[in-house]
Amino acid sequence: MTPRLLSFCFAALLCCSLHSADAPAFGPNVQLRGNLNNARVVFETTQKGRVAFIGGSITEMNGYRPMVMEILKKRFPATDFTFIDAGISSTCSTTGAFRVESDVFSGGPVDLFFVEFAVNDDQDAHHTRAECIRGLEGILRHALKSNPNMDIVVTFFCNEGMITTLQDGKTPLTVEAHDAVAAHYSISTINLAKEIAEEITAQKLTWKQYGGVHPAPFGNAICASMIDELFKRTWVDPFAKDAKPVAHTVPEPLDPLNYSAGRFVDLASAKIKSGWTLGIPDWKSIKGGKRDRFTKVPMLSATEAGAELTLDFEGTAVGAFVVAGPDAGIAEASVDGSAFTPVTVFHAYSSGLNYPRTVMLGTNLKPGKHVLTLRIAAETKSAGHAMRILHFTAN
């Protein structure tokens, strides 16, 4: 048995000891809404399945995701699964909404989709409630447009601040916002954050045992156990051989300007006026840590104040998915000739890392065609004026 499976089995035994036999394991922290029967029908009848995971580093790491993969393979031993890992460290639900098409749905219909952004929307993006809703709702609506039969699970991981908030009897902003979206769409949730807070308060678990923001195998196994419990609740009845997938009902949006049409826009479509170059940056000369996934791809880069370009786009919002390091500066954005608005590219984590993030350059726009003018400001809050764009984003 692999170490990962050993950790999962150990956590499962602990979970059994934490909960009474008179109540379902994890109680309401495993929230089944509707069912996950569409995925089950596909897995059983076609013996094939596409399962995707999107989120930040908690999804990208060797954590709950591979444990859930093992659970599914054990439950459906005759099914040939394709698993998609769309976790990218540091990214929030806004970035997720813009990359979900290329990173998840472009390869074909997804049957079961796991979404995780509560921590990064909190500690990385510092999102407002409205931003949390706009990003997550965009991902969910995009998913259901891609495949109306897709079953979805949203999971809330946690950091220490979120645990403290829960122990004070309050709900962390990102968890409340994401849960409101999930409830609106009748999507099941795994409230791992509340489960861990309750177990720590009851002195059945410690934060150190759990493993921190990036959970230890033990902590990830608790999450996997909760997802397995969700499967038990939704797949309790015998499989009906004549069962057919049923399209999910898609309600009116909570936010009409959600990023459900989020997409990447080709860098080559920008019209350079001055100071921008398209190519792989000279990373050896750039300070700060680098992640391999970003060091071999072309970017649209500017390092001097006054560099300017324009971009034609269509939709209600425009932005840029950037890598912002110690020299990241301030951009100025104008849509359709409006007054220029400063947008800080530098992030709190940029001092030591070329940090991936999405900066919005225009939002709340009227649907239709627009022109973005983007230039590098003379002002800066860092060691330089740089802006390195992986993709433009539009909705």
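Could you give the Stokes-Einstein D for the stretch 3-234 in µm² per second, using the C-alpha Kirkwood radius, 20 °C, 1.002 mPa s?
Numbers: Rh = 17.5 Å.
The diffusion coefficient I find is 122 µm²/s.
When the helices in the chain are scored as -39500 (n - 2.57) per DSSP H run of 4 or longer and the sum is shared across all residues, what 222 nm value do you end up with, to the nearest 500 deg cm²/dmol? Intermediate results must be reported in sequence, preceding the final value.
Numbers: 12 runs with 126 residues, N = 395.
Calculated from helices alone, the mean residue ellipticity at 222 nm is -9500 deg cm²/dmol.
Could you tell me which helices of the chain pass both thresholds, a Cα extent of 15 Å or more along their own axis and a mean Kyte-Doolittle hydropathy of at least 1.0, with helices taken as whole DSSP H runs? Numbers along the way, then the final one.
Numbers: long enough: 3-18 (22 Å, 1.75); 64-75 (16 Å, -0.58); 129-146 (25 Å, -0.15); 173-184 (17 Å, 0.44); 217-234 (25 Å, 0.22).
Helix filter hits for the chain: 3-18.
Would you count, across the stretch 92-212, every pair of lysines whose alpha carbons are under 29 angstrom apart, provided the pair is eight or more residues apart or spans two chains?
On the way: Lys170/Lys194; Lys170/Lys204; Lys170/Lys208; Lys194/Lys204; Lys194/Lys208.
Step by step, the pairs that qualify in the stretch 92-212 add up to 5.
Put +1 on the Cβ of every Lys and Arg and -1 on every Asp and Glu Cβ in the chain; which of Trp276, Ala348, Ala328 then has its Cα farthest towards the positive end of the dipole?
Trp276
Would you work out the charge dipole size for the chain about its Cα centre, treating the Cβ of every Lys and Arg as +1 and the Cβ of every Asp and Glu as -1, and quote it to the nearest 20 debye? List each step's numbers first, then the result.
Numbers: 37 positive and 40 negative charges, 142 e Å.
Result for the chain is approximately 680 debye, rounded to the nearest 20.
Over the alpha-carbon set of the stretch 329-384, work out the extent along each principal axis and list the three values in angstrom, largest first.
Computed over the stretch 329-384, the largest-to-smallest principal extents equal 39, 22, 12 Å.
Compute the separation of the alpha-carbon centres of the stretch 248-317 and the stretch 129-179 and state it in Å as a whole number.
If you average the Cα positions of each part, the centres end up 25 Å apart.
Pairs of Cα atoms under 8 Å, at least six residues apart: use those to get the relative contact order of the stretch 263-394, whole percent. Write down the numbers at each step before the final one.
On the way: 359 pairs, mean separation 48.7, N = 132.
That works out to 37 percent.
For Thr393, what residues show an amide H to amide H distance below 5 Å, using hydrogens built from the backbone and excluding near sequence neighbours?
Val265, Gly319, Ala320, Phe321
Please sort 252-261, 50-59, 93-102 by packing, taking for each peptide the average over its residues of neighbouring beta carbons within 10 angstrom, highest first.
By packing density, highest mean first, the sequence is 93-102, 50-59, 252-261.
With only Lys, Arg, Asp and Glu charged, each at its Cβ (+1 for the first two, -1 for the last two), find how big the charge dipole of the stretch 224-343 is about the Cα centre; round to the nearest 20 debye. Could the numbers behind the result be given before it?
Numbers: 13 positive and 16 negative charges, 118 e Å.
For the stretch 224-343, the charge dipole is close to 560 debye.
Quick one: of the DSSP bridges fully inside the chain, what percent are antiparallel, nearest 5?
On the way: 42 of 64 bridges.
Close to 65 percent.
Between Ala378 and Lys271, what FRET efficiency follows from the Cβ-Cβ distance if R0 is 22 Å, with the result rounded to 0.05? Working shown, then result.
Values: r = 22 Å, r/R0 = 1.00.
The formula returns an efficiency of 0.50 here.
I'd like to know which of Gln167, Ile139, Phe157 lies farthest towards the positive end of the charge dipole of the stretch 136-193, counting +1 on Cβ of Lys and Arg and -1 on Cβ of Asp and Glu.
Ile139
Below 9 angstrom from the Cβ of Val323, what's the summed charge of the other residues (Lys, Arg +1; Asp, Glu -1)? Please report the intermediate quantities before stating the final value.
Numbers: positive: Lys290, Arg291, Arg357, Arg388; negative: none.
Within the 9 Å Cβ shell, the charges total +4.
Counting only other residues whose beta carbon sits under 9 Å from that of Phe76, what net charge do I get with K and R as +1, D and E as -1? Kindly include the intermediate steps, with their values, before the conclusion.
Numbers: positive: Arg40, Lys73, Lys74, Arg75; negative: Glu44.
Neighbour charge sum, excluding Phe76 itself: +3.
Can you work out the FRET efficiency for the pair Phe239 and Asn364, with r the C-beta to C-beta distance and R0 = 41 Å, to the nearest 0.05? Intermediate values should be presented prior to the final figure.
Details: r = 47 Å, r/R0 = 1.14.
Once the sixth-power term is evaluated, E becomes 0.30.
Once the principal axes of the Cα atoms of the stretch 263-394 are found, what is the range along each, listed largest first in whole angstroms?
40, 28, 26
Of [x] 61, 48, 40; [y] 84, 46, 43; [z] 67, 46, 38, which one was derived for Cα extents along the principal axes in Å from the structure shown?
Working out Cα extents along the principal axes in Å from the coordinates points to [z].
Just so you know, all these numbers are worked out from the coordinates, no wet-lab data involved. What you see is a predicted model, and the numbers here were worked out from it, not measured in a lab. Backbone-built Cβ (ideal geometry, glycine too); neighbour counts: all protein chains shown.
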